[in-house]
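Take a look at the structure below.
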Amino acid sequence: MAGPQKNLWFKYEVTAGRFSATPVAWQGWLALLLLVAVPTGLLLLAAPWLARLGPLGMLLGLAVVFAIVFPGAVALARAKGRRAD
């Protein structure tokens, strides 16, 4: 039973435990751009304070950015996408 067609931003596949998504609308591209740009921009703003910790500070900052971007991209694709089987 098919419900109303939602505005799809992504097409995604899950094969052998691997998740792969592709934007299919401009909203998907914009959402991905913002999802990467905002945490990265915040990391760049925090760089002077993280630099006081040496290389470890920037590595921790990058780890936080990755921890936000990758799960966020998967959640966004699942919420605003359609599984292509």
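The values are calculated or read from the model by the stated rules, or taken from the named source; none is laboratory data. Quick caveat: nothing in here was measured; it's all calculated off a predicted structure. Heads up, the Cβs are rebuilt from the backbone with ideal geometry, glycines too, and the neighbour counts pull from every protein chain shown.
Filtering region 11-44 to residues that are of a type in the set (Gly, Ala, Ser) and in a helix (DSSP H, G or I) leaves 28, 31, 37, 41. If you check residue 21 against the conditions, is it surrounded by 12 or more Cβ atoms within 10 Å (Cβ to Cβ), at pLDDT below 95 and in contact with a strand residue (DSSP E or B) (Cβ under 8 Å, 6 or more places away or on another chain)? Yes. With respect to residue 34, is the statement that it is without any contact (Cβ under 8 Å) to a residue 60 or more places away in the chain and farther than 30 Å from residue 6 by Cβ true? So residue 34 fails the test.
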